[in-house]
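This report concerns only the one structure given below.
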Amino acid sequence: MNHFQRRKGELCCEDVPLSRLAEEVGTPAYVYSKATLLRHARVFRSALRGLDVLACFAVKSAPNLALLALLAREGLGFDIVSGGELFRVLQAGGDARKVVFSGVGKRQEELAAALDAGIFQFNCESEEELQQLSRIAARKKRVAPVALRVNPEVDARTHPHIATALSTSKFGIPAERVLATYRLAASLPGIRAVGVACHIGSQIASVKPFAEAAEKMRALVLRLREDGHDIRRLDMGGGLGVPYGDGPEPPSPRQYGEALVRVLEGLDVKVLVEPGRLLVANAGVLLTRVLLRKQGRGSRRFVVVDAGMNDLLRPALYQAHHELEPVARPRRGAEVVDVVGPVCESADVLAKRRRVHPLATGDLIVMRTAGAYGMAMASQYNARPRPVEVLVDGRSWRVIRARESYKDLIRGESP
């Protein structure tokens, strides 16, 4: 469910017409609904009742300070993959004691900063990373709480770019080396192995891979305890999919929660989960305006909008589908068009051969389900300033990131 609904024919975010926002802040613009984000967070957490859970929002999916602050006040922790994300979390008022540091390549200064902040857990992905963290922790006379990320070799049947648990993946420690790596961790100064971690991918459309991974992790926890390791945390990562409009309906949070509870109940662990897309994707849209129409060869028609692949990369990178619709009352009839941006790349296509209500120059349209990995992946390619971000709360709204200026494009440069 989301709070982008039509009122008297016009699309609104909560109680604010999107046309009014376009007049005030211009386009392209990312618009987020506070009510949608908080509802998703609460539904997700309630679905995992029966387990001792710490839900850590995946910062990489939507790192805006205002969104992080909302989730921090809801009591969520945070899953980070860089020192910059740690900085963002702390600036937003997040609790370092609820932060998990994931990622296959962590700089030594990032490890040191996370140690100084007192984060909840480091998810280590290799023997060498363990040794690097040990040296830093010993030098600081600190103890780093560690979970080893295991590659459970579960096929999540998702896009290859976001599948992370295959045997060919760069992520995690191969299963055949896990026991030896825990023995290494136990021998290193400054390291306390407290948990096991895995993450099998993103935009997963079935609970079966989650259940399979959970069963493997349960067995591993029990085996590690037999070997003398006091394992009391199990990080199951994230990855539950959201409906983008072009595929099967993903399982609900309730179905996901039931699957995890069924496998993990009674294991006596704190279960960490790392939702990102699930919470924020449907809480945001990309608002854009039609610049012009262009007739191609034969019946090919192009609708050129002012948002491009630098603003919303997912269609070019993943061939991702985002539903689009006009902000004003839709015109009668339909046409098949390519909705494209102004970036000088053939890949700059936001929607290919899409059947839509007729569109005209000046029309406002939205790309739905754009809250996750939209602004987070935006760039200044073609010297295009990144969009403004707006947060709507009922009848009120505020800019939570100003639109970049041309001066912002050259900040830090010198001729």
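Throughout, read-outs are computed from the coordinates displayed, never taken from laboratory work. What you are looking at is a predicted structure, and each value in this text was computed from that prediction instead of being measured. FYI the Cβ positions are ideal-geometry reconstructions off the backbone, even for glycines, and counts take in every protein chain you see.
Quick notes on this one:
- When Asp227, Asp348, Asp306 are arranged by Cβ crowding within 10 Å, least crowded first, meaning fewest neighbours, the order is Asp227, Asp306, Asp348.
- Helix 108-117 axis, angle to the chain major axis (alpha carbon atoms, nearest 10°): 80
- Global dimensions of the chain from alpha-carbon coordinates: Rg and Dmax equal 22.6, 71 Å.
- Given their separation in residues at 0.36 nm each and the Cα-Cα distance between them, Ser187 and Arg97 gain 29.9 nm when the chain is fully extended.
- Helix 178-187 vs. the chain, principal-axis angle (Cα, 0 to 90°, nearest 10): 60
- Under 20 Å from Lys216, Cα to Cα: lysines that are on another chain or at least 8 residues apart: Lys170, Lys208, Lys270
- With 0.36 nm allotted per residue and the present C-alpha distance subtracted, the Thr361-Arg7 stretch has 125.2 nm of extension available.
- Across the stretch 226-330, C-alpha contacts under 8 Å between residues 6 or more apart give a mean separation that, scaled by the residue count, equals a relative contact order of 26 percent.
- Cα-Cα separations in the stretch 60-136 greater than 13 Å, expressed as whole percent: 62
- Cα extents of the stretch 234-324 along the three principal axes, largest first (Å): 63, 23, 20
- Expressed as a fraction of 2.2 N^0.38 Å, the value expected for a compact globular protein of N residues, the C-alpha radius of gyration of the stretch 103-273 is 1.06.
- Under the simplified labelling scheme, the Arg254-Gln131 pair shows an inter-label distance of 5.1 nm, with each label point 7 Å from Cα along Cα→Cβ.
- Spin-label proximity, Arg353 to the stretch 315-342 - amide N less than 17 Å from point 7 Å beyond Cα toward beta carbon: 316, 319-322, 335-340
- Highest average packing first - 17-27, 353-363, 402-412, Cβ atoms within 10 Å: 17-27, 353-363, 402-412
- Taking a straight line from the alpha carbon of Lys106, these aspartates and glutamates sit under 19 Å away, with near neighbours fewer than eight places off in the same chain left out: Asp79, Glu85, Asp116, Glu125, Glu127, Glu128, Glu129, Asp235, Glu274.
- The mean sequence separation of alpha-carbon pairs under 8 Å and at least six residues apart, normalised by the residue count of the chain, gives a relative contact order of 20 percent.
- R0 of 30 Å, Cβ-Cβ distance Asp230-Leu65: FRET efficiency to nearest 0.05: 0.25
- Point-to-point label distance, Ile400-Ala113, nm (Cα→Cβ direction, 7 Å offset): 2.2
- Note on Gln380/Ala138: beta-carbon distance plugged into 1/(1 + (r/R0)^6) with R0 of 60 Å gives a FRET efficiency of 0.90.
- Going from the fewest other Cβ atoms within 10 Å to the most, the residues Val104, Val263, Val303 appear in the order Val104, Val263, Val303.
- The stretch 103-273 - share of DSSP beta bridges that are antiparallel (%, nearest 5): 5
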